[in-house]
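Let me begin by presenting the structure, written as structure tokens, before commenting on it.
The values are calculated or read from the model by the stated rules, or taken from the named source; none is laboratory data. Fair warning: this is a prediction, and the values are worked out from it, not measured in the lab. So basically every Cβ, Gly included, is an ideal-geometry build from the backbone, and we count neighbours across all protein chains shown. With ligands, DNA and RNA removed, areas are computed over all heavy atoms of the protein, side chains included. Shrake-Rupley method; radii C 1.70, N 1.55, O 1.52, S 1.80 Å.
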Amino acid sequence: SLEGRELPIIYVPEGDCEIATLVMVPELSTLIAGDLGFNGTHLYVAEHDAQLRKQFLEGVYSMADMGAETIIPGHMAEGASTQAADVIAWTADYLKKFDEIVADNPSEEEYMKRVADAWGDIPLEFCVPLNAAAALRGEFF
């Protein structure tokens, strides 16, 4: 609790790293998502194989069951929405699109083109080559 208010702490097995910690603020119908929620940025999946990305996605969908109207993502572009549905959709769609991009094990050059075509110039671009190393070469960080 904080100043007499209960703030449930929720642990999810996988976010952008092992174990994502979320904090619910019931009075505000707000979930502080930490590294489980993103909006308008690249995701960091350089520690994830396909199975861990699936667990990450399951964790993202679990946020919908937590009853928050607002989700404060751990990473978001300036001006991005904090509406729960928008944060969940961005994060889930990114993970699904990422799996599509790497499904046929493209060259790194083709991977970079596909990423640029999918998302353009968005924040956290440092993740792009790290994610490629993990997904395409099995070099996890």
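Points to keep in mind about this one:
- Signed unit charges on C-beta, dipole axis of the chain, positive-most listed residue Leu130, Ile10, Tyr111: Ile10
- In this calculation the C-beta distance from Glu58 to Phe126 is compared with R0 = 30 Å, giving a FRET efficiency of 0.70.
- Put Tyr44, Tyr94 in order of accessible area, highest first, and with a 1.4 Å probe you get Tyr44, Tyr94.
- Maximal additional length on extending the Phe140-Ala103 stretch stands at 11.6 nm, based on 0.36 nm per residue less the C-alpha distance.
- Extension gain, Asp65 to Val23, is 13.7 nm, computed as 0.36 nm per intervening residue step minus the present C-alpha separation.
- In the set [x] 14.6, 48; [y] 17.2, 62; [z] 15.5, 55, the label that goes with Rg and Dmax of the Cα atoms in Å computed for this structure is [z].
- Accessible surface of segment 1-104, 1.4 Å probe, proportion on carbon and sulfur as whole %: 53
- Taking every protein chain into account, the accessible area of the chain amounts to 53 square angstrom per residue (probe 1.4 Å).
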